[in-house]
Structures are given as structure tokens and as C-alpha cells.
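What follows is calculated from the coordinates using simple rules that are stated; it is not laboratory data. In this text the structure is predicted, and so the values were computed from the model without any measurement. FYI the Cβ positions are ideal-geometry reconstructions off the backbone, even for glycines, and counts take in every protein chain you see.
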């Protein structure tokens, strides 16, 4: 595997379900990000992890819970979501101290029914 | 705070036409600037970057020049192809984060 991978690519879940999104980066980076991309809205930064420590949480509802067990893996745990949470969730990674360029995974298309 | 203003879309061109997508930014200090491209059903791919004033980023026939005096980073391509149809995002890098523009949908017709 190369670059940034995300699983699953598609997920349909009910409002009472619990699921997790997984992201893995194979670039040797030390910072990872979760973004939400909804139709007709700008890309929204949700969480930032640097050196496995959360450094940013942009007022994201508590039904989204991130986890970063090491610098290569990032999870987004989901529970009791709402239909408006349906979106493309993108993971990205970068190298601290670089020029801020981020490398993105293909995303997980989430549908909440 | 930092912000990026990007040309509204959608943009529709014929194959081999010249492309310009305008991008201007507001930032303190000396940010890095990027163009990302998103093909249908995929994540964002880094297209090109410039890290200081007057730098020109280029890739796959696309170019953009970091203009500090006009706070701009316009994307250009001399001859677009159908395969260039995608959404293009201008982004500014500073303070550990990227700030994205709203994206411009480009459709190239054969």
C-alpha cells in the first residue's frame, strides 16, 4: 500500500448504530487530519493530530470521536449520528515542519439513514 | 484570519481551450500556496505548490505563480483535455493547517 488509505470506502448506517472509519498513512508523516466534505459546502476541518496528540477540534459534536493510536493510524468513531452527518469523510497526513502540504486518502462516503 | 477566495464555478470549456481559475488569499506572514484536484468519487490530490513569493508551481501542464503583491495564485493551463474535468481547490498553508477555497468545478467537452 502506498499513500493514504481509508476503509471502508462506503458506509450506510442507521442513527442508532456505532461504526468506525479507519485511515492509514504509509508516508512516514507525523500529523493526521479528519475533514468533512458535504455537497455545496466548503471542506471542513474536524480534527488534527500532531505526534499522536490532538491539537485541534473544530467544535465537532461529541457523536464524532477521533482516536490516533500511533502516527500511522487514525480512526473516527461514530455513534448516534444524524442524517445531516451524511458526507464524504476525508483523512489526510502531513509532515510537521514542512510546507503544510497534506496528502489525502480517497475518503469514506457515509450515508446516515 | 486566513482565507481563500476562489473563482465561482462551474466552468465549461471545449477541449484544447485555455484555462484560468482565479484564486486570491488573505493571510498574515508568508503562507505556502497549493492547488488540489478532486476527480469524481476520489479524495483530493495535490496538483502543485509554491512556498514563497514569485515561485511558480507546475505539474501536468498546469501552472500557478505565487504573487505576493496581488495576493494571488491563479491556476492556468494552455490546452485542457476531457480528462482534466474535476473540481479544483486553491489552498493556503499556515499555522499547521490548510485553508481551502470553495472549489471550482471544471467540465471539458470533447
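Using the number of other C-beta atoms within 10 angstrom as an exposure proxy, rank A:22, B:77, B:60 with the fewest first.
B:60, A:22, B:77
Counting each pair of different Cα atoms once, what's the Kirkwood radius of chain A in Å, rounded to one decimal?
Working: mean 1/r = 0.0713 Å⁻¹.
Across chain A, the inverse of the average 1/r is 14.0 Å.
Rg/Rh for the protein assembly as shown to two decimals, with Rh computed the Kirkwood way over all alpha-carbon pairs.
Numbers: Rg = 17.6 Å, Rh = 18.1 Å.
Computed over Cα atoms, the ratio is 0.97.
Which value, in nm² and rounded to one decimal, describes the direction-averaged projected area of the C-alpha convex hull of segment B:46-110? Each step should come with its number before you reach the end.
Details: hull surface 19.6 nm².
So the Cα hull casts an average projection of 4.9 nm².
Using the 10 angstrom Cβ neighbour count as an exposure proxy, how do A:89, B:36 rank, fewest first?
Working: A:89 22, B:36 25.
Sorted ascending by nearby Cβ count, the order is A:89, B:36.
Just the Kirkwood number for segment B:2-55, please: inverse of mean 1/r across all distinct Cα pairs, in Å, one decimal.
Values: mean 1/r = 0.0744 Å⁻¹.
Answer for segment B:2-55: a Kirkwood hydrodynamic radius of 13.4 Å.
Across peptide B:89-97, what mean number of C-beta atoms from other chains lies inside 10 Å of a residue's C-beta? Could you put the intermediate results ahead of the total?
Working: counts 2, 0, 4, 1, 6, 1, 1, 10, 10.
Averaged over the peptide's residues, the number is 4.
If you take every DSSP beta bridge fully contained in chain B, what fraction is antiparallel? Give it as a percent rounded to 5. Kindly include the intermediate steps, with their values, before the conclusion.
Working: 36 of 40 bridges.
Roughly 90 percent of the DSSP beta bridges within chain B come out antiparallel.
Cα extents of segment A:9-74 along the three principal axes, largest first, in whole Å?
Largest to smallest, the principal-axis extents are 34, 23, 21 Å.
So what is Rg over Rh here for chain B, counting just Cα atoms and using Kirkwood for Rh?
Reported Rg/Rh, Kirkwood definition of Rh: 0.96.
Arrange the following residues from fewest to most other Cβ atoms within 10 Å of their Cβ: A:10, A:73. If you can, show how the numbers build up before the last one.
Working: A:10 9, A:73 14.
With the fewest neighbours first, A:10, A:73 line up as A:10, A:73.
Average partner chain C-beta neighbours within 10 Å, per residue of B:35-45?
Details: counts 0, 4, 0, 6, 1, 0, 5, 6, 15, 11, 4.
Mean inter-chain Cβ contacts per residue within 10 Å come to 5.
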